[in-house]
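*Asks:* Structure incoming, see below.
Here, each number is a calculation from the coordinates, and none is a lab measurement. Nothing here was measured: the structure is a model prediction, and the numbers come from that model. In this analysis, Cβ positions are derived from the backbone assuming ideal geometry, glycine residues included, and neighbour counts consider all displayed protein chains.
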Amino acid sequence: MEPMDTQEPDAEGAAITECIGEIADFVATLVRYPPNVLAAGMGANLQCVLRCILDAGLSTRSLISEFLEVLTREVLKPERLDS
């Protein structure tokens with residue numbers, strides 16, 4: 001997939017790693033919510049983020065669709081469902 005912004009690859013990778021860490025830390029504070037509630041809330045936020053990216057012209061419908069297909073495949077891998 002094409003990058004959704006104009007940062008340098010190394011800077012983008014570092015920013016993504018930092019962002020993932022911060023999101024993981026935040027999600028850890030939400031342990032009082034059951035996983036299905038967290039999933040619904042995170043899904044709603046992902047919708048908003050992807051809509052903003054699309055509206056700002058930072059990606060295309062096709063690239064967002066591809067991203068969601070990859071995400072779906074990763075989530076539904078058989079080895080993940082068996083655990």
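*Asks:* Under the rule of at least 5 residues apart or a separate chain, name every residue whose amide H is placed under 5 Å from the amide H of residue 60.
*Replies:* none
*Asks:* Would you mind working out the magnitude of the charge dipole of the chain relative to its Cα centre, with +1 at each Lys and Arg C-beta and -1 at each Asp and Glu C-beta, to the nearest 20 Debye? If you can, show how the numbers build up before the last one.
*Replies:* Numbers: 6 positive and 14 negative charges, 111 e Å.
Here the chain has a charge dipole of around 540 debye.
*Asks:* While we're on this one: Between 53, 16, 64, which gets the highest mean-square fluctuation from a Gaussian network model of the chain, Cα cutoff 10 Å?
*Replies:* With Cα springs under 10 Å in the chain, the top fluctuation among 53, 16, 64 is at 16.
*Asks:* Here's something else I'd like to know. In nm, what is the difference between 0.36 nm times the number of residues separating residue 36 and residue 17 and their Cα-Cα distance? List each step's numbers first, then the result.
*Replies:* Working: separation 19, 0.36 × 19 = 6.84 nm, distance 2.52 nm.
Fully extending the segment from residue 36 to residue 17 adds 4.3 nm.
*Asks:* Can you pull a Stokes-Einstein diffusion coefficient for the chain at 37 °C (0.692 mPa s), Rh from Kirkwood over Cα pairs, as a whole number of µm²/s? Present the calculation step by step, with values, prior to reporting the outcome.
*Replies:* Details: Rh = 14.9 Å.
Result for D is 221 µm²/s.
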